[in-house]
1. With a probe of 1.4 Å, find how much accessible area the range 1-84 has per residue, and write the answer as a whole number in Å².
2. Report the label-to-label distance for LYS101 and ASP69 in nanometres (one decimal), using points 7 Å from each Cα along the Cα→Cβ vector.
3. Dipole of the chain, Cα-centred, from +1 at each Lys and Arg C-beta and -1 at each Asp and Glu C-beta, to the nearest 20 debye?
4. May I ask you to compute the full-extension gain from SER90 to PHE10, defined as 0.36 nm times their residue separation minus their alpha-carbon distance, rounded to one decimal in nm?
5. Return the carbon/sulfur percentage of the accessible area of the chain, one whole number, probe 1.4 Å, all protein chains in place.
6. If I compute P(r) over Cα pairs in 10 Å bins from 0, in percent from the structure I just sent, which labelled value in (1) 14, 53, 32, 1; (2) 11, 35, 32, 18, 3; (3) 11, 33, 28, 19, 7, 1, 0 lines up?
7. By how many nm would the segment from LEU109 to MET53 lengthen if fully extended, with 0.36 nm per residue of separation less the alpha-carbon distance?
8. Assuming R0 = 25 Å, can you tell me the calculated FRET efficiency for the pair THR42 and SER19, based on Cβ-Cβ distance, to the nearest 0.05?
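The values are calculated or read from the model by the stated rules, or taken from the named source; none is laboratory data. Quantities reported herein were computed from a predicted structural model and do not represent experimental measurements. Heads up, the Cβs are rebuilt from the backbone with ideal geometry, glycines too, and the neighbour counts pull from every protein chain shown. Quick note on the areas: whole protein, heavy atoms, side chains included, nothing else; ligands and nucleic acids left out. Shrake-Rupley method; radii C 1.70, N 1.55, O 1.52, S 1.80 Å.
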Amino acid sequence: MKIVVAEDEFLIADLLVVSLEDAGHEVHDAAHGADALKLIRTLEPDLVITDFMMPLMTGLELAETMKADDALQGIPIILVSGAQGGIARSRSDLFDLVFDKPYAMDRLLTAVAALGGERGQP
């Protein structure tokens with residue numbers, strides 16, 4: 001599965017990328033939502049994993065922009081957030097799943113696999 005990760009905390013981004021790649025996924029990462037949006041438009045990923053609080057474009061703004069774009073609105077979005085999980089849970093129209101930091105990586109990988117299965121991805 002092709003995944004774009006939007007995360008401004010380098011260590012968390014690195015852990016996500018390595019874990020997802022080890023699970024067999026093709027992963028591209030961006031330090032904020034604006035760069036992630038460029039990657040998403042170019043790569044047309046199967047899934048987006050985003051933080052909430054990021055410079056230039058938040059995860060909420062990224063999700064809103066994707067859902068307003070006919071070409072991107074079908075891509076599932078997982079939010080991983082330290083403090084804004086409640087806001088995200090109230091926006092189930094934007095986020096398919098919400099994980100509060102810190103989260104168990106095995107739970108996230110299971111969720112990624114399940115979302116991939118829903119979209120017919122290996």
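1. Values: 3680 Å² over 84 residues.
The answer is 44 Å² per residue.
2. It is 2.4 nm.
3. Values: 9 positive and 21 negative charges, 56 e Å.
So the dipole magnitude of the chain works out to roughly 280 debye.
4. Numbers: separation 80, 0.36 × 80 = 28.80 nm, distance 2.75 nm.
Result for the pair: 26.0 nm of gain on full extension.
5. Details: 3160 of 5950 Å².
Of all accessible area on the chain, carbon and sulfur atoms account for 53 percent.
6. Answer label, from the structure shown: (1).
7. Values: separation 56, 0.36 × 56 = 20.16 nm, distance 2.18 nm.
Taking LEU109 through MET53 to full extension adds about 18.0 nm, to one decimal.
8. The value I calculate is 0.60.
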